[in-house]
Amino acid sequence: MSSTQAGNNRPQQDDDVDAPRVPRRTPMACQFCRGRKLKCDGVRPTCGNCNRRGFPCNYTPVNSAEK
């Protein structure tokens, strides 16, 4: 058998192979995504979910003092 293992055609890179991907947190979700508990990408003026569905995208600030 050769020194190359079958099924592994890509060269090994030690830099970012084991680094887990950490999703970035969106500072504020739009009302539609918040109501449906969807992951909002936070793009303005229209997020990806609202754009795909054709809904108006509204961002309402949430006061942390109300909790």
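The values are calculated or read from the model by the stated rules, or taken from the named source; none is laboratory data. Everything numeric here is computed off the predicted structure, so don't read it as measured data. FYI the Cβ positions are ideal-geometry reconstructions off the backbone, even for glycines, and counts take in every protein chain you see.
See the values below:
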| item | result |
| --- | --- |
| Count of residues meeting criterion [surrounded by fewer than 10 Cβ atoms within 10 Å (Cβ to Cβ) and without any contact (Cβ under 8 Å) to a residue 12 or more places away in the chain] in the range 22-52 | 7 |
| Candidate set: the range 21-67, residues that are part of a loop (DSSP other than H, G, I, E, B) and polar (S, T, N, Q); chosen: the one modelled with the lowest pLDDT | Thr26 |
